[in-house]
Amino acid sequence: MGPQARVEKIAGGFQFTEGPVFSRIGFLLFSDIPAERIVKYDFPPGQPGPGNGELSVFREKSNRANGLTFDHQGRLLTCEGGAGRVTRTEKDGRITVLAERFEGRSLNAPNDLVYAIEGSVYFSDLRPRNAATDPSKIDFSAVYQITRKGEVRIATREPDRPNGVALSPNQLTLYVADSARQQVWAFEIAGDGSLSKGRAVAELKSEAPGAADGLKTDEAGNIYVAGPGGVWVFTATGKRLGTIAVPETPSNCAWGRGFSGLYITARTSIYYIPTK
């Protein structure tokens, strides 16, 4: 982004926004978690800028939907934190459950997810802090892989509280934000989608409110992490390039059409900044 680029508020009045994802058709979806809604932000043809979109409800009773992404067919994949499951919205509107249990026990609260080009889905599942013991539920937080065959397996338990997940441009590295340790972890991805060589590559130490949350990578491999005070930008090796200051504490971010702009969910609002 250029030195003159400015963050612009394009929509507000929500309860807690998360999970932004831009459709190749040309609209933005995001979650308003407490309101139990997935919201659509449409861009009419010929509109002069991103701040002139039209809001509508894409899905009511979303089960406190959080992270969102699309698969290669353009079907929406959703982390339904309130229902403890990961789902796919079919083209006819039906909901298909992709994951809700592991080894006979229920997931806790799926938080964020990413779709790999080979067909795997990686998602983080967060056990609530101070949760009461429940033998029917998994008693730890983890990142899981849903394989191409639909098998649900643990990808890693190394981050303390795994939150946002993102892939490198070449799909050979999975990044995971650890909101407890204020770090970004990197894992090598094997041919079968399993992870190895986990290591912390970036630190988000700050006195400002907020924690390492949703993250994305750009075409050059740089990492954009919603964190204290704004969106922190790092190289793939963890060198900090700067921070995009946001008026409200951000939760996540997503690229717009052709990497030409970054959409940021931040508490009650949606923000946008143009990029190169």
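The values are calculated or read from the model by the stated rules, or taken from the named source; none is laboratory data. Owing to the predicted nature of the structure, the values given are computational and were not obtained by experimental measurement. When we count neighbours, we look across all protein chains shown, and the Cβ atoms used for this are built from the backbone with ideal geometry, even at glycine. Please note that ligands, DNA and RNA were not included when accessible areas were found on the heavy atoms of the full protein model with its side chains. Shrake-Rupley method; radii C 1.70, N 1.55, O 1.52, S 1.80 Å.
Of all residue pairs spaced 6 or more apart or on separate chains, those with beta-carbon atoms under 6 Å, a first member in the stretch 54-72 that is in a loop (DSSP other than H, G, I, E, B) and a second member that is β-branched (Val, Ile, Thr) and modelled with pLDDT of 95 or more are SER62/ILE38; ARG64/ILE33. When ARG153 is tested against (1) of a type in the set (D, E, K, R); (2) open to solvent by 30 Å² or more (accessible area, probe 1.4 Å); (3) part of a strand (DSSP E or B); (4) closer than 20 Å to ALA200 by Cα, just one condition goes unmet, and that condition is (4).
Is it the case that the stretch 69-86 has a residue that's touching a Lys or Arg at 6+ places or on another chain (Cβ under 7 Å), open to solvent by 10 Å² or more (accessible area, probe 1.4 Å) and farther than 21 Å from SER23 by Cα? There is at least one residue in the stretch 69-86 that is touching a Lys or Arg at 6+ places or on another chain (Cβ under 7 Å), open to solvent by 10 Å² or more (accessible area, probe 1.4 Å) and farther than 21 Å from SER23 by Cα. Sub-8 Å Cβ pairs linking a first residue in the stretch 191-213 that is more than 14 Å from ASP160 (Cβ to Cβ) to a second residue that is open to solvent by 50 Å² or more (accessible area, probe 1.4 Å) and among the acidic types (Asp, Glu), at least 6 apart or interchain, are GLY193/GLU118; LEU195/GLU188; SER196/GLU188; LYS197/GLU188, ordered by first then second residue.
Between ASN108, ASN170, ASN130, the distinction of being over 16 Å from the mean Cα position of the chain (by Cα), among the polar types (S, T, N, Q) and under 30 Å from ALA220 (Cβ atoms) belongs to ASN170 only. For ASP160, the stated conditions do not hold, so it cannot be described as part of a strand (DSSP E or B) and charged (D, E, K, R). Among the criteria (1) in contact with a strand residue (DSSP E or B) (Cβ under 6 Å, 6 or more places away or on another chain); (2) among the acidic types (Asp, Glu); (3) over 26 Å from ASN170 (Cβ atoms), the one GLU103 does not fulfil is (1). Mind checking whether some residue in the stretch 250-268 is closer than 21 Å to LEU28 by Cβ, open to solvent by 30 Å² or more (accessible area, probe 1.4 Å) and among the basic types (Lys, Arg)? Looking for residues that are closer than 21 Å to LEU28 by Cβ, open to solvent by 30 Å² or more (accessible area, probe 1.4 Å) and among the basic types (Lys, Arg), one finds at least one in the stretch 250-268, hence yes.
Listed by position, the strands (runs of 3 or more DSSP E) inside the stretch 194-276 whose residues that are under 28 Å from TYR144 (Cβ atoms) number at least 3 are 195-203, 215-217, 223-227, 230-234, 252-255, 261-266.
Which ones in the stretch 1-15 are assigned to a strand (DSSP E or B) and either modelled with pLDDT under 95 or open to solvent by less than 80 Å² (accessible area, probe 1.4 Å) (or both)?
Listed by number, the residues that qualify are GLU8, ILE10, ALA11.
State yes or no: is LEU98 crowded, with 21+ Cβ neighbours inside 10 Å, touching a residue at least 12 places away in the same chain (Cβ under 8 Å) and either at negative phi or touching a helix residue (DSSP H, G or I) at 6+ places or on another chain (Cβ under 7 Å) (or both)? No, not satisfied. Could we say that GLY198 is open to solvent by less than 30 Å² (accessible area, probe 1.4 Å) and more than 16 Å from THR217 (Cβ to Cβ) here? Yes: the conditions hold for GLY198.
Remark: pairs (first residue in the stretch 236-258, among the basic types (Lys, Arg); second residue part of a strand (DSSP E or B); Cβ separation under 7 Å; 6+ apart in sequence or on different chains) = ARG240/TRP232; ARG240/PHE234; ARG257/PHE22.
Picking from GLU18, GLU36, which residue would you name as being open to solvent by 60 Å² or more (accessible area, probe 1.4 Å) and over 14 Å from ARG257 (Cα atoms)? Result of the check over GLU18, GLU36: GLU36. Taking the criterion of being buried (at least 18 other Cβ atoms within 10 Å of the Cβ) and not aromatic (Phe, Trp, Tyr), the residues of the stretch 39-62 that qualify are VAL39, PRO50, GLY53, ARG59, SER62. Filtered by the rule that a residue be touching a Pro at 6+ places or on another chain (Cβ under 9 Å) and exposed (fewer than 13 other Cβ atoms within 10 Å of the Cβ), the stretch 132-150 gives no residues.
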